[in-house]
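Here the structure is laid out as structure tokens; the discussion comes afterwards.
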Amino acid sequence: ARATSDEPIAIVGVGLRLPGGVTDLDGLWELLRDERDTLSPVPRDRFDMDAYYDPDPDVKGKAYLREAAFLDDVSTFDAGFFGISPREAEPLDPQHRLLLEAGWTAFEDAGLRPGDLRGTETGVFVGVGPGEYCHYRGRNPEDADAYDVTGSHMSFAAGRIAYHLGLQGPALSVDTACSSSLVALHLASQSLRDGSCDVALACGVQVLANPDALVLLSRTRALAPDGRCKTFSEAADGYGRGEGVGVLVTMRLSDAQQQGRRILGLVRGSAVNHDGASSGITAPNGVSQQKVLRSALRDAGLHPSDVSVVECHGTGTRLGDPIEVQAL
């Protein structure tokens with residue numbers, strides 16, 4: 001009865017780890033304020049980038065860039081804290097580990113005791129792509145066991161948080177490429193509005209565990225040779241790869257106010273669509289992008305003139321950027 005279709009959604013807690021040693025919102029602000037560059041060579045505990053690097057983009061099986069935005073450390077994990085045995089922890093994708101840690105931190109940041117949420121209809125919505133860790137480990141399929149399945153499959157990214165914290169609301173992992181995290185937040189907001197849950201985690205995570213993506217994307221010329229995305233610039237020549245995890249604790253605004261929660265921000269409206277047919281499967285469609293912008297404004301009860309700041313994701317490509325700018 002308390003759920004309404006147009007109630008704003010409050011963000012009341014954040015857990016994150018980002019390149020540059022960022023572990024909280026203050027650290028993120030300092031990184032942005034100081035304009036620090038977080039790109040670095042591939043960590044030695046991942047893979048030998050020298051074996052895969054060639055500046056010639058036409059060379060097959062090679063990547064023409066050396067750097068990306070890497071987390072300082074993805075190998076350490078307090079498995080015992082979450083009741084995970086060493087045998088189960090070893091094949092556990094670092095993306096799943098980061099989600100568990102950041103989810104716990106986000107609840108604490110919101111002033112919620114994770115243990116008190118056990119058995120509640122708390123939702124978990126995770127934006128995540130295919131795991132690369134299982135290929136990094138190089139385990140023979142004949143030697144695989146159940147832990148190799150639960151530790152690597154994308155569907156367990158959300159389910160693991162729900163399982164270890166005892167959360168019984170909707171739990172799902174979504175992969176919509178670059179928009180995965182925002183789609184997870186959209187789904188969390190919709191579930192809160194329709195009463196499917198009273199608290200929801202909206203998450204996004206990415207770890208570059210092996211060179212496959214860098215090599216394959218080099219074939220499509222999608223990556224900037226210097227690893228830096230020059231969105232909406234005449235110098236745009238591709239995008240850069242990066243790692244990180246972010247978890248938001250969300251609830252209906254009325255509930256957050258009633259409970260006296262600290263409100264970090266509001267989601268007043270959101271919308272999701274697909275561009276449909278365009279000049280190519282990775283190319284945007286300007287008319288479709290206009291439609292989703294109008295839908296989001298309508299869902300928020302706003303007019304374009306009400307908007308003073310736009311933060312957007314750009315592909316950093318000469319094809320996609322002009323279409324997206326013109327749609328806006």
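Listing for the model above:
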read-out: Computed helical MRE - 222 nm, the chain, DSSP H runs ≥ 4 contributing -39500 (n - 2.57), nearest 500; value: -9000 deg cm²/dmol
read-out: Model label zone, ILE281; criterion: amide N under 17 Å from point 7 Å along Cα-to-beta-carbon; scope the stretch 203-236; value: 213, 216-222
read-out: J(HN,Hα) series, the stretch 190-201, from Karplus relation 6.51 cos²θ - 1.76 cosθ + 1.60, nearest Hz, glycine and proline x; value: 4, 5, 5, 5, 8, x, 5, 8, 9, 9, 9, 8
read-out: Contour minus Cα-Cα distance for LEU266 and GLU88 (0.36 nm per residue); value: 60.3 nm
read-out: Simple spin-label estimate for LEU28 and SER295 in nanometres, 7 Å along Cα-Cβ; value: 2.5
read-out: Debye, to nearest 20: dipole size of the stretch 26-105, +1 on Lys, Arg Cβ, -1 on Asp, Glu Cβ; value: 240
read-out: Relative contact order of the stretch 152-217, pairs being alpha-carbon contacts under 8 Å that are 6 or more residues apart, as %; value: 23
read-out: Alpha-carbon Rg with Dmax, taken over the chain, Å; value: 20.4, 61
read-out: Spacing of the two label points (7 Å from each Cα toward its C-beta) at ASP194 and LEU216, in nm; value: 3.1
read-out: Distance between modelled label sites at GLU108 and ASP226, nm, 7 Å Cα→Cβ extension; value: 3.9
read-out: Charged-residue dipole, Cβ positions (Lys, Arg, Asp, Glu), the chain about Cα centre, Debye nearest 20; value: 740
read-out: Average Cα contact separation per residue, the stretch 227-328, under 8 Å, 6 or more apart, as relative contact order %; value: 37
read-out: Amide H contacts of TYR53 (H built 1.01 Å from N, under 5 Å, at least 5 apart or other chain); value: ALA63
read-out: Centroid-to-centroid separation of the stretch 277-327 and the stretch 50-85 [C-alpha atoms, Å]; value: 31
read-out: Under DSSP loop assignment and at most 13 Cβ neighbours within 10 Å, longest GluC sites (Glu not before Pro)-free interval of the chain; value: 36-233
read-out: The chain, relative contact order [Cα under 8 Å, separation at least 6], %; value: 25
read-out: Contour minus Cα-Cα distance for ASP58 and SER233 (0.36 nm per residue); value: 60.5 nm
read-out: Total formal charge among the other residues, if their Cβ is under 14 angstrom from that of GLY246, Lys/Arg +1 and Asp/Glu -1; value: -3
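None of the figures in this text is laboratory data; all of them are computed from the coordinates on show. Bear in mind the structure is a predicted one, so any value in this text is a computation, not a measurement. Neighbour counts are summed over all protein chains in view; Cβ atoms, including those assigned to glycine, are modelled from backbone coordinates with ideal geometry.
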